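K.L.:
Submitted below is the structure of interest, expressed as structure tokens.
Every number in this text was worked out from the coordinates using simple rules, so none of it is lab data. Remember, predicted model here, so these are calculated numbers, not experimental data. Quick reminder, even Gly has a Cβ in these numbers, built from the backbone with ideal geometry, and neighbours come from all protein chains shown.
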Amino acid sequence: MDLISTLAAQLGVDPEQAKALAGGVIGGVQGAVAEEDDGAAKEMESAIPELSEWKNKADAMTGGDMQAGGVGGLLDAATDAMGGGGLGGLLGAAAGALGGEQGKDVAAIITLMDKIGIDSSKAALVAPTVLSFLKDRVPAGLLDKVLAAAPLLAAVGGGGDDKDDKDDKDDDKGGGLGGLLGGLLG
């Protein structure tokens, strides 16, 4: 899967915005993985050699916010800047609706998309696309660590990867998450 082309086509953005989005989202996931297992985070970088370029693009397009705390830093900055209203209120609604880490993940993606000029109403498309890419690119054992560190991706994927199944019925299912995001954003 060519993640950049897929994101650009799905979201109607240019490849540079798609790279920044990929760098922000996967870079944020990598940061969460690193908190639990630094070796796994390095393994992600080996499996996705273009990740460094994408993270640099995200940093450039967000005015350096990626260096200051990754996607979580973006979320904090957006919430502080909005003082609880506007986008900050939307972020609070996302966090409250989904709860815990999933809510923070959704809010961070929305903030990142807004910061790089992508219509955040399409946020529900991001996690399933990123998950599909990661399933193609990282080994199953590493994918389990990624899903444990990224609750939003785990929710999209039904909690785990079953690459060895024959029917793939539950692969990449978003359950109610896509509908919740759609209702929240649309």
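K.L.:
Take the residue pairs LYS42/LYS104; LYS104/LYS135; LYS122/LYS145; LYS55/LYS115; LYS19/LYS104 and return only those whose Cα atoms are more than 19 Å apart.
P.N.:
Checking Cα-Cα distances, LYS42/LYS104; LYS104/LYS135; LYS122/LYS145; LYS19/LYS104 exceed 19 Å.
K.L.:
Can I ask one more? Taking θ as phi - 60°, what are the ³J(HN,Hα) couplings along region 122-137 by the Karplus curve (6.51, -1.76, 1.60), each to the nearest whole Hz, with x for Gly and Pro?
P.N.:
9, 4, 5, 7, 6, 4, x, 5, 5, 4, 4, 4, 5, 4, 6, 9
K.L.:
Provide the gained length on full extension for the span SER121 to GLU53, in nm with one decimal, where the gain is 0.36 nm per separating residue minus the Cα-Cα distance.
P.N.:
Here the answer is 21.9 nm.
K.L.:
Give the calculated FRET efficiency between SER5 and SER46 to the nearest 0.05, with a Förster radius of 25 Å applied to their Cβ-Cβ distance.
P.N.:
0.65
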